[in-house]
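Asker: Structure below; questions to follow.
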Amino acid sequence: MAEPSTIARPYAEAAFRLADAQGKLAEWSAVLGNLSAVAAGLDVTVDWDEVTTYSNGAGVQPGDTITYKVYRDGVLLAAGGCADPVAGTSCIDTVPGAGAYSYYVKAVNTCPNTGDASDAKSICAGGSSDTSIEVSANEIISGESFTVTVFDCLGLSLGHELHTDYINKAFSDISATPGSFTNTSARTSDVHAPEVTETAIDSGLFITTVTTGLAGAGANVDVNPMTGSSPPDAYTDRIDVSYIFGVPPPTVSVTVTPNPCDTTPSSPTNFRVVNTTGNFGIEIGWNAVTTNIAPFAGVPTGPPNPSFPSYDLGGYYLEERVVSDGGALVQDWQAYDDGTGIVPAGTTTVSFNVNNGKLKDNVYSYRIRAIDTCSPAEESATAGPVNETVP
């Protein structure tokens, strides 16, 4: 935390009670409500009132020095600012990491006799809030997964106890509200509310993986049904990740874009002959492909087929065919660039050498398809042919 803040929801407000037998220290009613734990980052300041009486009501005798033992999560602190014994009524403990911690104190006299432990005081340390959500990615494509980490340092807002907590699992003795943690598709309203187990006793951390995709494909959240003819932005989904505990309850969002391998590239437009240089060359040009087009794999779409930004254009497949002026086939469709046919993405013009032994007055024809980077590659519809006669 940037500034110290007192924990808002302590597990208990009881203070220390000491046994009244065998010369142990007095009852601690004066300390009731005065044990506190305040966190600043990973530093926790623990305070309590001084014990001044024995259990029989008599004051602590001169020379009977009272010291204190401070326990974090049930373990006596033997190092650091709260190391046993603590002479005063305050100490600063540096915790090992962000999380929920529980403190109690015991008083010890010179004999030494040790008083009973107080009930615990809970504290959130190392975080900006007592409850938060983090996701491993804020933007993914449909079919991918993301990891959600819920940090609830007060154990489902029910108090800090030394046991493992659960999210979305009801118990007879603990109401761990089902539906308290949800992953909801803004587009389909599909809700995923997994049961999540705390990573360790009182770690306050709950981690799970959410997989997006189409229903029946092993997805936790059904996204991108992609039906109808809505504008392209309507085909980007959003997963809202929410947890009901916390003030205010935390929510984060993950943007889900269509899986480009569920689509095909749009066909190149404005495919044309740009220039002819006598007997030596024909320059072909087209507009760059910037969109993919439905239909999606296994998903029907209504007309017209909506298009989406292209995230995976691999290039273009370009072919040439030559027919003589008499109509005889000189060369059937042949891939550009020594048979590979692949023109890199970002290229929108290509020159063909036509002075290569072919006859004059030949008709040169060209066609092109866009391809993506998927395996196997998806291909667009063919643009062309466009024809040019070399005199």
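Asker: Taking K and R as +1 and D and E as -1, what net charge do the other residues with C-beta under 11 Å from the C-beta of ARG321 add up to?
Answerer: Every neighbour counted, the sum reads -2.
Asker: Same structure again: What distance in nm separates the simple spin-label points at TYR166 and ARG272, each placed 7 Å from Cα in the Cβ direction?
Answerer: 6.8
Asker: In the neighborhood of VAL386, defined by Cβ-to-Cβ distances under 10 Å, what is the net charge if each Lys or Arg adds +1 and each Asp or Glu adds -1? Before the final figure, lay out each step's value.
Answerer: On the way: positive: ARG272, ARG367; negative: GLU388.
With Lys, Arg at +1 and Asp, Glu at -1, the net is +1.
Asker: Whose amide H sits under 5 Å from the amide H of ILE66, counting only residues 5 or more places off or on another chain, with H placed in the peptide plane?
Answerer: none
Asker: Sequence-distant or interchain residues sharing an amide H contact under 5 Å with ASP372, placed H: which?
Answerer: Answer set, sorted by chain and number: GLY314, GLU378.
Asker: Which whole-Hz couplings ³J(HN,Hα) result when phi for each residue of segment 321-330 is put into the Karplus expression 6.51 cos²θ - 1.76 cosθ + 1.60, θ = phi - 60°, listed in order with x for Gly and Pro?
Answerer: Ordered by residue, 3J(HN,Hα) equals 9, 10, 10, 6, 5, x, x, 7, 6, 8 Hz.
Asker: Sticking with this structure for a sec: Step through the residues of segment 257-267 one at a time and calculate ³J(HN,Hα) from phi using the Karplus curve (6.51 cos²θ - 1.76 cosθ + 1.60, θ = phi - 60°), rounding each to whole Hz and writing x for Gly and Pro.
Answerer: So the J values, rounded to whole Hz, are 9, x, 5, x, 7, 8, 10, 10, x, 5, 6.
Asker: I want the local charge near VAL256. Using Cβ-Cβ distances under 10 Å, sum +1 for each Lys or Arg and -1 for each Asp or Glu among the other residues.
Answerer: -1
Asker: Under the Karplus relation 6.51 cos²θ - 1.76 cosθ + 1.60, θ = phi - 60°, what is the ordered set of whole-Hz ³J(HN,Hα) values for segment 100-107, x standing for Gly and Pro?
Answerer: Each residue of segment 100-107 in turn: 9, 9, 10, 10, 9, 10, 10, 9 Hz.
Asker: Let me ask something else. Can you give me the long-range amide H partners of VAL44? Hydrogens built in the peptide plane at 1.01 Å from N, cutoff under 5 Å, separation of 5 or more residues or another chain.
Answerer: Excluding prolines and chain starts, which carry no amide H, the hits are ASP93, THR94, VAL95.
Read-outs throughout are calculated quantities, based only on the coordinates presented, and are distinct from any laboratory measurement. Note that this is a predicted model, so its numbers are computed, not measured. No Cβ is skipped: glycine too gets one built from the backbone with ideal geometry, and neighbour counts run over all protein chains shown.
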